[in-house]
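Remarks on the structure that follows.
The values are calculated or read from the model by the stated rules, or taken from the named source; none is laboratory data. This is a predicted model, so every value here is computed, not measured. Positions of Cβ are generated from backbone atoms using ideal geometry, with glycine treated the same way; all protein chains shown enter the neighbour counts.
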Amino acid sequence: MENTVLVVEDNEINRELLVAILEDTYHVLEADNGKKALEILRKLKNEVSAVITDLVMPEMDGYQFLEEYSSSPELSTIPVIVSTSQSDSESEVKCLEYGAWDFIKKPYNAQIIRFRVKNVIERSELYALRKLRYQEQFDELTGIYIKNMFIQQTKKMLMENPDTDFMLLHFDIYQFQIYNSVFGMREGDNLLRHIADMLKRLAKKEKCATYCHIEADAYCVCMPAAGQEILQKMMDDFQKDFRIYQRDYDIRGNMGVFYIEDKTVTIDSMIDHAKLASKECKGNYIQNYYIYTKEMAESLQEAQSLANDMERAMKEEQFVLYLQPKYGLTSSELEGAEILTRWQTPDGMISPGKFIPVFEKNGQIMKLDYYIWEQSCKLIRSWLDRGFEPYPVSVNISRVSMYNPRVAEEIYELTQKYDIPLKLFQLELTESAYTDNPGAIKKAMQRLREYGFTILMDDFGSGYSSLNVLKDITVDVLKLDMKFMASSGSENQKRSESIVANVVHLAKDLHLPVIAEGVEEIEQVKFLNSVGCEYGQGYYFAKPMPVAEYEKLAFNL
Ligand code: C2E
Ligand code: CA
Ligand code: CA
């Protein structure tokens with residue numbers, strides 16, 4: 001391949017001299033000032049291998065040309081040789097600062113010029129090649145291996161040490177994006193480099209180890225297997241290091257450990273396993289590393305298959321409504337019901353405790369919630385059309401659905417579509433939704449109340465700031481879950497009872513009715529009655545039941 005050299009020189013005689021020297025070996029382009037040279041370079045940047053430029057020229061001189069050239073990333077990789085008439089070290093320094101690669105002196109020496117041009121071209125290729133090779137192996141930010149290289153080197157290490165047991169570690173920072181937004185990207189990058197250094201030091205202590213920067217804030221290390229005590233010490237050391245590195249922020253490392261039993265498993269899947277284990281930490285202070293177990297993979301698979309099956313199940317109407325009656329505690333009369341979803345597959349029932357958390361994680365819950373609300377509206381409509389006088393039912397709104405800015409409108413539109421009196425369609429919202437996202441929830445709740453919906457605060461008392469929530473938002477009913485209370489006969493029973501009694505009193509002061517849910521025993525009913533709690537729901541009264549069964553109960557069929 002013939003290389004192209006651009007000669008930039010206003011003096012015609014000099015230019016022709018240079019062309020004559022170079023044209024046997026190169027394809028030579030000419031320009032008589034810096035401006036024209038830049039035009040040519042911008043057009044032909046991928047073809048020009050080197051530039052020789054004069055300094056003193058009309059329109060745009062050599063300095064200006066160098067300045068423009070070096071500030072343009074697409075041009076600055078092309079080597080530039082400056083031709084100077086006298087040795088003037090000050091102007092040479094200036095040229096070097098602007099990225100000049102070399103100099104030639106007037107009068108021209110053909111041999112020296114050919115050598116220098118050849119050299120810069122070779123150097124620039126070598127440099128580009130080396131940079132490319134570096135990028136293929138190392139992460140630019142941290143200077144340690146990238147994933148591909150890690151996989152290659154780890155494979156080799158495992159094969160070369162057949163008698164050593166190894167483990168693969170996946171390490172990352174809990175909520176790194178928060179650190180980034182608090183301290184800025186630049187400091188975020190510093191932390192990432194710091195972690196790379198930490199892991200480098202860790203690996204250096206081993207007789208053999210590999211490590212890499214996987215992506216974002218994730219790293220992997222493969223080293224001889226160590227027991228729990230050493231793993232714990234390792235994490236403790238990291239935490240100590242983090243506290244010294246950053247006093248103003250609680251950096252928390254999370255680690256997943258995969259003990260390599262079968263060395264023929266792909267490194268990629270080892271990484272996945274370690275990563276899965278690290279997910280268990282979720283920022284936990286006490287346990288900041290987890291060892292991979294088969295169950296972790298099984299529950300992931302289960303979650304994935306639930307997520308995969310959801311759409312089809314919805315089309316096939318496998319999600320069905322169950323109703324759990326609510327009773328007046330003094331009257332023992334039916335007062336309403338909560339709608340609870342059941343997933344009826346051909347192979348049996350899946351409990352919401354299994355699929356709701358999965359759908360909340362992947363967002364599918366929004367679709368399911370809407371579906372259940374619509375089914376519930378249809379159900380009430382059918383009761384009205386059949387001439388019954390239904391009790392109110394309550395539906396659950398997932399915290400995730402509350403992120404939908406149109407949630408209030410969508411629910412209202414559904415009730416209008418089926419012409420449902422709003423007092424028959426109550427909404428249960430879990431207290432912890434509020435602590436997740438107070439701003440948005442507050443707005444959505446306000447709009448729901450403006451439409452005229454009755455809002456029940458579900459699982460009241462389960463969060464950390466139940467009383468704060470009450471101060472901030474208005475609800476119509478509190479649901480107090482008995483499962484958050486100590487079991488009867490236990491040491492803490494007295495304390496829980498006094499808490500329940502006080503919550504009920506507080507609710508009374510705020511004119512809020514209370515529904516106790518999860519009521520299982522007659523003793524609980526008696527106690528709740530004695531403290532003035534109005535309503536109860538739980539296995540003591542009735543379990544959630546299919547629609548037909550509830551209709552029998554509610555309408556004396
Ligand atoms: P939740 O809203 O707190 O519903 C009450 C749960 O307690 C129900 O469990 C109910 O069957 C159970 N329960 C009722 N009485 C008793 C009792 O006396 N003892 C005990 N141990 N448990 C009792 P379920 O139906 O398994 O639902 C679990 C959770 O799943 C619900 O908790 C709710 O958060 C969610 N969920 C259920 N259906 C839906 C739905 O359609 N949409 C949304 N977003 N969430 C739902
Ligand atoms: Ca509920
Ligand atoms: Ca509840």
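Which of the residues that make up segment 72-106 are out of contact with any Ser or Thr (no Cβ under 9 Å at 6 or more places or on another chain) and closer than 18 Å to G62 by Cβ? Passing the criteria: S72, L75, S85, Q86, S87, D88, S89, E90, V93, K94, L96, D102. Applying the set (1) surrounded by fewer than 20 Cβ atoms within 10 Å (Cβ to Cβ); (2) away from ligand 2 (no atom under 16 Å from the Cβ) to T415 leaves exactly one unmet item: (1).
Among the residues of segment 541-557, just one is surrounded by fewer than 17 Cβ atoms within 10 Å (Cβ to Cβ) and within 27 Å of V475 (Cβ to Cβ), namely K543. The listed residues are S70, S124, S91, and the only one of them that is of a type outside the set (F, W, Y) and either within 20 Å of V28 (Cβ to Cβ) or part of a loop (DSSP other than H, G, I, E, B) (or both) turns out to be S124.
Taking segment 460-557 as the region of interest, the strands (runs of 3 or more DSSP E) fully inside it that hold 3 or more residues being within 16 Å of ligand 1 (Cβ to nearest atom) and in contact with a Lys or Arg (Cβ under 9 Å, 6 or more places away or on another chain) are 514-517, 535-537.
Taking segment 326-429 as the region of interest, the helices (runs of 4 or more DSSP H) fully inside it that hold 3 or more residues being β-branched (V, I, T), more than 10 Å from ligand 1 (Cβ to nearest atom) and under 22 Å from M457 (Cα atoms) are 407-417. Based on this model, can you work out whether G99 counts as under 30 Å from H194 (Cα atoms) and among the small types (G, A, S)? Spelling it out, it is not the case that G99 is under 30 Å from H194 (Cα atoms) and among the small types (G, A, S).
Yes/no matrix, rows are residues, columns are (1) surrounded by fewer than 18 Cβ atoms within 10 Å (Cβ to Cβ); (2) within 24 Å of the chain's Cα centre (by Cα); (3) aromatic (F, W, Y):
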site	(1), (2), (3)
A196	no, yes, no
L202	no, no, no
C208	yes, no, no
A216	yes, yes, no
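Taking (1) surrounded by fewer than 16 Cβ atoms within 10 Å (Cβ to Cβ); (2) in contact with a helix residue (DSSP H, G or I) (Cβ under 6 Å, 6 or more places away or on another chain) in turn, I144 satisfies each apart from (1).
Of all the residues in segment 102-120, those that are crowded, with 18+ Cβ neighbours inside 10 Å and either farther than 24 Å from I13 by Cα or in contact with a His (Cβ under 7 Å, 6 or more places away or on another chain) (or both) number 1. When the residues of segment 70-83 are filtered to those that are of a type in the set (S, T, Y) and in contact with a helix residue (DSSP H, G or I) (Cβ under 7 Å, 6 or more places away or on another chain), the one that is surrounded by the most Cβ atoms within 10 Å (Cβ to Cβ) is S76.
How do the pairs read when you match residues in segment 222-244 that are under 17 Å from I173 (Cα atoms) with residues anywhere that are of a type outside the set (S, T, Y) and assigned to a helix (DSSP H, G or I), using Cβ under 8 Å and keeping only pairs 6 or more apart or on different chains? Cβ pairs passing all conditions: M234/L202; F238/M198; D241/M198.
Of all the criteria given as (1) modelled with pLDDT under 95; (2) more than 13 Å from ligand 3 (Cβ to nearest atom); (3) basic (K, R), the one not satisfied by K483 is (2). If you go through segment 208-263 and pick out every residue that is out of contact with any helix residue (DSSP H, G or I) (no Cβ under 9 Å at 6 or more places or on another chain) and of a type in the set (A, V, I, L, M, F, W, C), you end up with 5. Consider D165 carefully, then state whether it is among the charged types (D, E, K, R), under 20 Å from I195 (Cβ atoms) and modelled with pLDDT of 90 or more. Spelling it out, it is not the case that D165 is among the charged types (D, E, K, R), under 20 Å from I195 (Cβ atoms) and modelled with pLDDT of 90 or more.
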